[in-house]
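**Student:** First the structure, then my questions, so here it is.
What follows is calculated from the coordinates using simple rules that are stated; it is not laboratory data. Keep in mind it's a predicted model, so treat the numbers as computed, not measured. Because the Cβ atoms are built from the backbone with ideal geometry, glycine has one as well, and the counts that use them run over all protein chains shown.
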Amino acid sequence: MIFYFLKSLTLQEEEIAMAETIFRTADVGGSGKITRADVVLNSVGRFWKADNLITSKPINSVSELIDFTTADMVPGILGVGYSIAGVNDKHNKMIVAPNAHYLEGHKVATLTLAKIGHRYKSSVRNDMETSAGGVHAMRAEAGIPTNAPFLIITIGTGIGAKYALLVDGKLVILDSEVGHMVVSSSPFDPRCGDLAIGHVEGIASGPAIDRMVATYLLFY
Amino acid sequence: MPEGKVPGAYLGECYSAGEEWAVEIYNTVADALARLLNNIRCAYTFKYFVYKGTAGTDMFDRGIGELIRKKVRQMLVNPKWADRSNLKFIETPGPNNLDALVGAAYLLAADLGLL
């Protein structure tokens, strides 16, 4: 399985001819580092392989992000897609980017096309949306039947989730704010980031767990 | 806590070693996640819960999934919904956030009308 994912040979001409779609994509991580890859999808949108998987050093500006993401583009690439945590406007301008504040206010997709040319396409997507899309494209690897809906949940700095289901054969990704679902009515529960008490994010997210560990080690 | 240790990782080690305080924290977290899943499962008939995130992955690696299953079984209107065949915890496939990279490609392909 690992070998399957990590084979990172340079794309050969015959592979490009066989592939229906090749995209350069970049994931903006919480550490400030960017991971990029050439993702090849087959004719029905299933994941085939990811080549040239590279992670950058920490990046601090939108121009650095675009330079890294669009470097060494192989022939056949149709577009550049970004996966960025936060809120974007029209899959282009970053409004809120908690992992990369330097992107806020920038039309990342427009700036990308200004650099590489308008024969390509570019879009910016929320990281949970891309995760849902990725799991859908990798159903076989994940062991999820073709038409089964699923919930993808991130338990990290916060708790986030997206519902993914198929409607008339098309993937539909639904938003949610499950991290702010009330799961406890105790007045002694820790506060969530929005200061409410009893939210699952205030109890089961990474920072909440860290706080519990610190408290236990201090008092017990 | 040993110097240089991340709290979450230290918690995981202590939980695996059976230390009481760590088991208590795992129970608290499992209880919160079980309540969350109970609410979701009562609203929608999802079987597949795909998890990711550093904190979540570490806890699932250490077996919190079965703790959640045990707790959510007691909450669900139909306990059979918590059976292994009806509630599956799945780790996000692939290393290096591959799911996000593949998803960015998939969604762009869909935007272009290629799928």
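**Student:** Tell me the GluC sites (Glu not before Pro) within region B:1-105 that lie in a loop according to DSSP and have at most 15 other beta-carbon atoms within 10 Å.
**Tutor:** B:E3, B:E19
**Student:** Could you tell me which trypsin sites (Lys or Arg not before Pro) in region A:70-159 are loop residues by DSSP with no more than 14 other beta carbons within 10 angstrom of their beta carbon? Before the final figure, lay out the partial values.
**Tutor:** Numbers: sites: A:K90, A:K93, A:K107, A:K115, A:R119, A:K121, A:R125, A:R139; in loops: A:K90, A:R119.
Qualifying residues, ordered by number: A:K90, A:R119.
**Student:** Once label points are set 7 Å from the Cα along Cα→Cβ at both A:L166 and B:D83, what is their separation, rounded to one decimal in nm?
**Tutor:** For A:L166 paired with B:D83, the spin-label model returns 2.4 nm.
**Student:** Suppose R0 equals 25 Å; then what is the FRET efficiency for A:D194 and B:A43 from their Cβ-Cβ distance, rounded to the nearest 0.05?
**Tutor:** Values: r = 22 Å, r/R0 = 0.87.
Computed FRET efficiency for A:D194 and B:A43 comes out at 0.70.
**Student:** Follow-up question, since we're still on this one. Could you give the longest part of chain B that holds none of the trypsin sites (Lys or Arg not before Pro) found in DSSP loops with at most 12 neighbouring Cβ atoms within 10 Å? Before the final figure, lay out the partial values.
**Tutor:** Values: sites that count: B:K5, B:R84.
That would be B:6-83.
**Student:** Could you state the per residue volume, in Å³, of the convex hull enclosing the Cα atoms of chain A?
**Tutor:** Numbers: hull volume 36.2 nm³, N = 220.
It comes to 164 Å³ per residue, whole-number rounded.
**Student:** Oh, and also: Student exercise: in chain B, how many lysine pairs 8 or more apart or on different chains have Cα atoms under 16 Å apart?
**Tutor:** 9
**Student:** For region B:7-111, compute the orientation-averaged projected area of the C-alpha convex hull (one quarter of its surface), in nm². Please report the intermediate quantities before stating the final value.
**Tutor:** Working: hull surface 32.5 nm².
Value for region B:7-111: 8.1 nm².
**Student:** Can you work out the Karplus-derived ³J(HN,Hα) for every residue in region B:26-39? Use 6.51 cos²θ - 1.76 cosθ + 1.60 with θ = phi - 60°, whole Hz, and x for glycine or proline.
**Tutor:** Values per residue, Gly and Pro as x: 4, 5, 4, 5, 4, 5, 5, 5, 5, 5, 4, 5, 4, 4 Hz.
**Student:** When only DSSP loop residues count, what chymotrypsin sites (Phe, Trp or Tyr not before Pro) in region B:1-46 have their Cβ near at most 14 other Cβ atoms within 10 Å? If you can, show how the numbers build up before the last one.
**Tutor:** Working: sites: B:Y10, B:Y15, B:W21, B:Y26, B:Y44, B:F46; in loops: B:Y44, B:F46.
Within region B:1-46, the qualifying chymotrypsin sites (Phe, Trp or Tyr not before Pro) (loop, at most 14 other Cβ atoms within 10 Å) are B:Y44.
**Student:** Follow-up. So, counting K/R as plus one and D/E as minus one, what does the shell of residues with Cβ under 15 Å around A:A142 add up to? Write down the numbers at each step before the final one.
**Tutor:** On the way: positive: A:R46, A:R139, A:K162, B:K47, B:K52, B:K88; negative: A:E141, B:E91, B:D99.
Every neighbour counted, the sum reads +3.
**Student:** Same structure, new question: Students often get this wrong: which residues of region A:56-83 have the backbone nitrogen under 14 Å from the point 7 angstrom along Cα-to-C-beta of B:L112?
**Tutor:** A:74-82
**Student:** Still on this structure, please answer the following. If you find the alpha carbon centre of region A:141-160 and of region A:182-196, how far apart are they in angstrom?
**Tutor:** Going from one Cα centre to the other spans 25 Å.
**Student:** In whole angstrom, and with the biggest value first, how far do the Cα coordinates of region A:2-133 range along each principal axis?
**Tutor:** 41, 33, 25
**Student:** In whole Å, what three semi-axes, largest first, describe the equivalent ellipsoid of region A:145-219 built from its Cα gyration tensor (square root of 5 times each eigenvalue)?
**Tutor:** Values: eigenvalues 206, 32, 15 Å².
Over the Cα atoms of region A:145-219, the semi-axes work out to 32, 13, 9 Å.
**Student:** Hand me the tally of lysine pairs in region A:2-133: alpha carbons under 17 angstrom apart, and the pair either on different chains or 8 or more positions apart.
**Tutor:** 9
**Student:** Follow-up. Work out, step by step, the length gained on full extension between A:V182 and A:D89: first 0.36 nm times the residue separation, then minus their alpha carbon distance; give nm to one decimal.
**Tutor:** Details: separation 93, 0.36 × 93 = 33.48 nm, distance 2.89 nm.
Here the segment from A:V182 to A:D89 would lengthen by 30.6 nm.
**Student:** What average number of partner chain Cβ atoms lie no more than 10 Å from the Cβ of the residues making up B:86-97?
**Tutor:** The per-residue average across the peptide is 6.
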